[in-house]
Amino acid sequence: MPSVPSSERTNHRSPIGISANPLGDPRTLQKVTLGNCSNPLSREKYPAARRNRMASKLTKERLSLISRHLDQRLPLPDLNTPFSTERDSLFSDDVEYKPIDRSILPSPPPESNPTMSVQAPHNTLLIPGPIEFDDAVLQSMSHYAESHVAPGFVKVFGETLTLVRKLFQSTNPTAQPFIVAGSGTLGWDLVSANLIERGENALVLNTGYFGDSFGQCLETYGANVTHLKAPIGDRTPLEQVEQALKEKPYKLITLTHVDTSTGVLGDVKGVAQLVRRVSPNTLVVVDGVCSVGSEEIAFDEWDLDAVVTASQKAIGCPPGLSIVMTSGRAIQAAQSRKTPPGAYYASIANWLPIMQNYENNKPSYFATPPTQLVHALHTTLTQITTDVPGRFAIHTEVSDKVKAAAAELGLKQVASRPECQAHGMTAMYLPEGLVPADVLPGLLKRGVIFAAGLHKEIATKYIRFGHMGVTATDPKRGDVDKALAALKEALAEAKQAKGL
Ligand SMILES: Cc1ncc(COP(=O)(O)O)c(C=O)c1O
């Protein structure tokens, strides 16, 4: 390789301020810098027309440098993505993925808290998400750097999508899971940008804070939103939903499976059945951010169209992944839009081939997936899907225990009727005269973190206890017993301090 004079190795800038040698190729450096001239387009030396011709030549050379990997003449495989040639994935730059062998986890040092195993000692996070993590899930996050289109990762991502189908008890090949970097909110955008068009009607069954927000998201994309607001702590009666559905055509209906602000459990199966009977073309969209992984969802059997969830609640993975399950009917609605979707990152058209390719073990690219998080999701879904009905049963058992203990302490639940009560969290009113700030510090002092109220009309009157994921499924941790004991003591302390 020819040597480059040191004067030319200094940081030459192109006329538009970009380094003339982004790839460090000394031959191109010589070409682009035109000998020793520090400004190749100097006004004094060249007339305007010549300067323009030279600028265009420089720009082309620079672009060919920085986009060299996109050169269509290179022998790239057909990646079948919307932007079809991104990486050369013929050659493996990774090793075969091997799921973490849980038996090789180092044992916790004897003096540490045995319930926290290898994690640094910390207060137990018992809010309704994010939740406590299993060690193996956290360890998956320490996966070494790997390309998002390398065979090892492609396999893991593909398997993870298949595990999402299992989680939703779905075998219908027209159904399609999406896993996209983002939080639960991104799922609302995916629905609002793709499944409904400007001016079409959406019916929101509103059981709290998250119904309000989903409605706002739909409005952002131009939908006409009607809210059917349930009384605080209750669901909207099915008769009222039926009446609303008969009043005008709705493109979609949304309901929050568990509204995290109230702990109210929606009747997803009942609403879906009603919609199919009364308004069969209306898409049934479920906000399952606080329910997937702790509440039963039979996606195919209940004939749902979209369930939006996130990694950090009952799924038991760190925050950062938006997970959306869609039906063939929903995909068709997205594909037969009259107008293009009003979003780019949240466009189903952009993500659909990527998900299909990954699940078919083909590398694909639209936007970079968070590889470590996908490993963590793979680990937790592998654990969860060994026994999906068993997982729901454990959450119900633990929930019954928490609710009975709360009742014994004289605490009323925000969700008034048993059939409306979530199984992964409990929202409970404090005794008259107490506010969350009187009780939460007492809990924290005892190593337990609960959440304050969130529903704006009652926020100062109640607290929320999340008992999802490992907190419910791993009794060895002792999270629930510890929390209930701490709650009893913190309440007594707060009452005493206030002279109640
Ligand atoms: C029911 C529900 N929907 C949507 C969201 C929004 O999810 P995220 O905060 O992950 O964006 C949340 C968050 O807590 C939620 O509880």
statement: Compactness check, segment 230-314: C-alpha Rg relative to the 2.2 N^0.38 Å globular estimate gives 1.06
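Report the local net charge at residue 256: Lys and Arg +1, Asp and Glu -1, summed over other residues whose C-beta lies under 14 Å from its C-beta. Spell out each step's value before the answer.
Numbers: positive: 229, 235, 313; negative: 212, 234, 259, 267, 287, 295.
In short, -3.
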- prompt: Under the Karplus relation 6.51 cos²θ - 1.76 cosθ + 1.60, θ = phi - 60°, what is the ordered set of whole-Hz ³J(HN,Hα) values for segment 228-235, x standing for Gly and Pro?
  reply: 9, 8, 7, x, 3, x, 9, 9
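I want the local charge near residue 165. Using Cβ-Cβ distances under 15 Å, sum +1 for each Lys or Arg and -1 for each Asp or Glu among the other residues.
On the way: positive: 166; negative: 159, 300, 301, 359.
Neighbourhood net charge equals -3.
Calculated FRET efficiency, residue 171 and residue 498, Cβ-Cβ r, R0 60 Å, to nearest 0.05? Please list the in-between numbers first.
Details: r = 56 Å, r/R0 = 0.93.
Once the sixth-power term is evaluated, E becomes 0.60.
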- line: Taking 197, 301 and counting other beta carbon atoms within 10 angstrom, the fewest-first order is 301, 197
message: Can you give me the distance in nm between label points at residue 445 and residue 183, each placed 7 Å from the Cα along the Cα-to-Cβ direction?
response: 3.1
query: Given H placed 1.01 Å from N in the peptide plane, which residues other than close sequence neighbours of residue 295 have an amide H under 5 Å from its amide H?
result: none
field: For segment 457-500, alpha-carbon Rg relative to the globular expectation (2.2 N^0.38 Å, N residues)
entry: 1.46
task: Calculate the length of the line joining the C-alpha centroid of segment 176-196 to that of segment 254-299, in whole Å.
output: 16
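Anything over 32 Å Cα to Cα? Flag those among 166/248; 251/401; 251/313, in the order listed. Before the final figure, lay out the partial values.
Details: 166/248 36 Å; 251/401 40 Å; 251/313 29 Å.
Beyond 32 Å between Cα atoms: 166/248; 251/401.
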query: Taking +1 at the Cβ of each Lys and Arg and -1 at the Cβ of each Asp and Glu, which of 375, 314, 365 sits farthest along the dipole of segment 274-406 towards its positive end, judged by Cα position relative to the Cα centre?
result: 365
query: Which percent of Cα-Cα pairs in segment 129-184 sits in each 5 Å bin, short to long?
result: 4, 13, 17, 25, 23, 12, 5
In sequence order, calculated HN-Hα J values of segment 371-378 (Karplus, 6.51, -1.76, 1.60; Hz; x Gly/Pro): 4, 5, 5, 5, 4, 5, 5, 4
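Taking each pair of different alpha-carbon atoms in segment 388-498 once, compute 1/r for the pair, average those values, and report the inverse of that mean as the Kirkwood hydrodynamic radius in Å to one decimal. Intermediate values should be presented prior to the final figure.
Working: mean 1/r = 0.0704 Å⁻¹.
Computed over segment 388-498, the radius equals 14.2 Å.
So how many Å³ per residue does the convex hull of the Cα atoms of segment 138-384 work out to? Could you put the intermediate results ahead of the total?
On the way: hull volume 26.0 nm³, N = 247.
Convex hull of Cα atoms, per residue: 105 Å³.
Taken together, the values in this text are just the output of simple stated rules run on the coordinates, not laboratory data. What you are looking at is a predicted structure, and each value in this text was computed from that prediction instead of being measured. Note that we place each Cβ from the backbone using ideal geometry, even for glycine, and neighbour counts take in every protein chain shown.
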